[in-house]
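Structure first, then comments.
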Amino acid sequence: MEFKIAVMPGDGIGQEVIREAVRALEAVGKKYGHTFHCQYADVGGIAIDRHGTPLPEETMALAKGSDAVLFGAVGGPKWDDPKVRVRPEEGLLTLRKGLGLFANLRPIKVYPRLMEVSPIKRQVLQNTDLVVVRELTGGLYFGRPKRRWQTSKGRRGVDTMSYSEAEIERILRVGFELARSRRKRLTSVDKANILETSRLWREVAMEVAKEYPDVALDHLLVDTCAMQLIMNPSRFDVIVAENTFGDILTDEAAVLAGSMGMLPSASLAGIPSGGRALGLYEPVHGTAPDIAGRGIANPLAAILSVALMLRYSLSLAEEAQALEAAVAKAIDLGSKTADLALPGEMALGTKRMTDKVLERLEQQGTSVPT
Ligand code: NAD
């Protein structure tokens, strides 16, 4: 099969890890007989420098005309001056909004060899394998009014948390569908004891649940969920949450995996039906200015993002599983980058770590690996 992939490495280690992710994509293509036509576009700080805007029109047009977007990360000290009018992050936000990517999926898997890297105890981490589905285009981050003003008693600010029934329903459906394809447990997160939007959220969740009798739904207040994520993470299968709650919970859940360098993400414009939905795939981490340019960044979050792309946008589930299995095997055999290495352990560079994954991929048969 042939696919058009828009590749947007962005800034800092975005460039380094996406180079490796594309190698992984090409290796999958070679092994399974697919052609991935990768077209590159500028986004973020590099786009500001070259085009004066973080999201040039050509970049958006390329994304819209592609089967999927592979994205690195944007931002860095060079563009951090609070007085500047355009910021790299706007490139990503506008891209998400323009493509209608309302569902952000962040799988958190704990690999046995990496348990010592996490500050959480091994017995707590055991069997942790969950996905957070975060609503991405509504809620507190986008609601209006949103402003600051001067009053006679000092400055005041307001943000608005607002959700329509339709916005809640579509993200819950993503949660239910995903749970259905996994261990069939969905936890809906809200703050229904205080917030009106949360009460609506819970009501809609219970209504949609009637169409998914095979999925066990439970509701957790966001504060309880935050505690449970650290105390008993293996109780979760799929978590669905509104934008702000999801943002905070996913960063907390990242601690379970041991390093930001391990976390992939998918942002989707719909429920993946038959494995096809337009999506943007990116590592959860940023541009890591502290290590950029040194060739030591962990490429696995970007490579695992490629696996999500194969599964959710290209309908290549077997290939996705093969790539994930190659990553798991490489880790199992002791391959680690600097962020994962314990004192005294050897750390591989970005390219060498990818080599290890690709070696494992090559050694697998083409049937679905176990
Ligand atoms: P960061 O994720 O870039 O880095 C946090 C820490 O994790 C750093 O110590 C870094 O070295 C380490 N780290 C991150 N990814 C790693 C990897 N693959 N391998 C090894 N170590 C890794 O977050 P930050 O430092 O808060 O932000 C740096 C810049 O990135 C900022 O400009 C921020 O705005 C931007 N950012 C962009 C995105 C995005 O594009 N989606 C997301 C987060 C941050």
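Each value in this text was obtained by applying a stated rule to the coordinates, not by laboratory testing. What you are looking at is a predicted structure, and each value in this text was computed from that prediction instead of being measured. Note: ideal-geometry Cβ built from the backbone for every residue, glycine included; neighbour counts use all protein chains shown.
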> How many angstrom lie between the C-alpha centres of the stretch 32-86 and the stretch 174-233?
Replying inline: 34 Å
> Out of residues 5 or more away from T160 or on other chains, whose amide H comes under 5 Å of its own, with H placed 1.01 Å from N in the peptide plane?
Replying inline: G143
>> In the chain, if the dipole is taken from +1 on Lys/Arg beta carbons and -1 on Asp/Glu beta carbons about the Cα centre, which of I18, L186, I230 is farthest to the positive end?
In response: I230
>> 5 Å is the cut-off here: which amide hydrogens, built 1.01 Å from N in the peptide plane, fall below it relative to T187, excluding neighbours closer than 5 in sequence?
In response: D218, D237, V238, I239, V240
>> For the chain, give me the percentage of DSSP beta bridges that are antiparallel, rounded to the nearest 5 percent.
In response: 45 percent
>> Apply the Karplus curve 6.51 cos²θ - 1.76 cosθ + 1.60, θ = phi - 60°, to the phi angles in the stretch 131-137 and return the couplings in whole Hz, x for Gly and Pro.
In response: 10, 9, 9, 10, 5, 10, 10
> Over the Cα atoms of the chain, what is the Rg over Rh ratio if Rh follows Kirkwood?
Replying inline: 0.96
> Taking the Cα centre of the chain as the origin and placing charges on Cβ (Lys, Arg +1; Asp, Glu -1), which of V204, P77, G270 is farthest toward the positive end of the dipole?
Replying inline: P77
>> Let's see if you can work this out: charge +1 on each Lys and Arg Cβ, -1 on each Asp and Glu Cβ, no other charges. What is the dipole magnitude of the chain about its Cα centre, in debye to the nearest 20?
In response: 440 debye
> Residue-wise, which Karplus ³J(HN,Hα) couplings in Hz belong to the stretch 338-346, taking 6.51 cos²θ - 1.76 cosθ + 1.60, θ = phi - 60°, and x for glycine or proline?
Replying inline: 4, 5, 9, 6, 7, x, x, 7, 6
